[in-house]
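A.B. asks: Sending over a structure as structure tokens; questions will come in a sec.
The values are calculated or read from the model by the stated rules, or taken from the named source; none is laboratory data. A quick note: this is a predicted structure, and the numbers were derived from the prediction, not measured. Reconstructed Cβ throughout: ideal geometry from the backbone, glycine too, with neighbour counts over all protein chains shown.
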Amino acid sequence: MTNNIFPDMINTATKSIVAVIALFLVTKLIGKKHIAHLTFFDYIVGIVIGSIAGSFSVEKDVDYENGLTALLTWGLFAFLVAYISMKSIKCRRFFDGTPTVLIQSGCIIEENLKKQKININDILEELRRKGAFNIADVEFAILESSGDISLQLKPQKQPLTPSELNIPTKYQGLSATLIVDGNIMAENLKLVNHDMKWLQNELSKMNIHSANDVLLASLDNEGKLYISLKGKKTDVKTILE
């Protein structure tokens, strides 16, 4: 019995590595999607593919041919559904579902709550998470196909924006990342019309002798350089514990 332990361990480890590689390829095939944006169909496919990979890794009865075939079949199925959904709105509605209005003009649509199996406590909790503590302040609450709830407050309850106050604003743009964990992003330096010499001079002004000491450095649209050093200790005061 002891003589079979090491071959079994090696076989399990090998199958696990193969399963990880196969899962990676299947994920690349299906495409990226944030976990919060997964539809019901995506969720089911993810569970099934994960279960297949787990069984393939540890069960002796599942050989390489059957395990990989199952993984690739489900991956291809998910890819085809995603592709068809992109081309056909009817298929998209069938697989992904459609948004459902739960609240309109401050009134709860009880029929839609029942259809989606959502109780009053669930909707109130979601509203509080999004900053709406009074249901009368809500113009629309919509259950998206991903399961997330989108919220629109009534006009008189919405925060004012600079455009409504006729306040001029400046374009901010994106900050360019110049150093990440001690590594200089040379291509990003070129995109912001700077070079290594400029970066070294800026670091020297802050008494930083090497980029290796920098955790993160970024340059905003106004030319302001933000730098966070490695190993810097901050006295964090929190009331959340």
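A.B. asks: Can you find even one residue in the range 98-117 that is of a type in the set (Ser, Thr, Tyr) and more than 30 Å from Ile44 (Cβ to Cβ)?
C.D. replies: Looking for residues that are of a type in the set (Ser, Thr, Tyr) and more than 30 Å from Ile44 (Cβ to Cβ), one finds at least one in the range 98-117, hence yes.
A.B. asks: I would also like to ask the following. Can you name the residue in the range 132-172 that is closer than 30 Å to Gly223 by Cβ and of a type in the set (Val, Ile, Thr) and, of all such residues, is modelled with the highest pLDDT?
C.D. replies: Filtering first and then ranking leaves Ile167.
A.B. asks: Identify, please: which residue in the range 170-203 is in a loop (DSSP other than H, G, I, E, B) and hydroxyl-bearing (Ser, Thr, Tyr) and is, among those, farthest from Ile227 (Cα to Cα)?
C.D. replies: Out of the qualifying residues, it is Tyr171.
A.B. asks: Tell me which residues, restricted to the range 61-111, are within 30 Å of Gln156 (Cα to Cα) and surrounded by fewer than 17 Cβ atoms within 10 Å (Cβ to Cβ).
C.D. replies: Thr98, Pro99, Val101, Gln104, Ser105, Gly106, Cys107, Ile108, Ile109, Glu110, Glu111
A.B. asks: Tell me the residue from Val45, Val58, Val101, Val62 that is at pLDDT 80 or above and either of a type in the set (A, V, I, L, M) or outside the structural domain of Glu144 (by TED's automatic domain parsing) (or both), please.
C.D. replies: On inspection, the qualifying residue turns out to be Val101.
A.B. asks: Name the single residue that is nearest to the chain's Cα centre (by Cα) among those in the range 140-151 being surrounded by 16 or more Cβ atoms within 10 Å (Cβ to Cβ) and in a strand (DSSP E or B).
C.D. replies: Among residues in the range 140-151 that are surrounded by 16 or more Cβ atoms within 10 Å (Cβ to Cβ) and in a strand (DSSP E or B), the one nearest to the chain's Cα centre (by Cα) is Ile149.
A.B. asks: Which condition from (1) among the aliphatic types (A, V, I, L, M); (2) without any contact (Cβ under 8 Å) to a residue 40 or more places away in the chain; (3) in contact with a strand residue (DSSP E or B) (Cβ under 8 Å, 6 or more places away or on another chain) is the one that Val101 breaks?
C.D. replies: Among (1) among the aliphatic types (A, V, I, L, M); (2) without any contact (Cβ under 8 Å) to a residue 40 or more places away in the chain; (3) in contact with a strand residue (DSSP E or B) (Cβ under 8 Å, 6 or more places away or on another chain), the lone unmet condition for Val101 is (2).
A.B. asks: While we're looking at this one, here's another question. Of the residues that make up the range 204-221, is at least one among the acidic types (Asp, Glu), under 26 Å from the mean Cα position of the chain (by Cα) and in a loop (DSSP other than H, G, I, E, B)?
C.D. replies: yes
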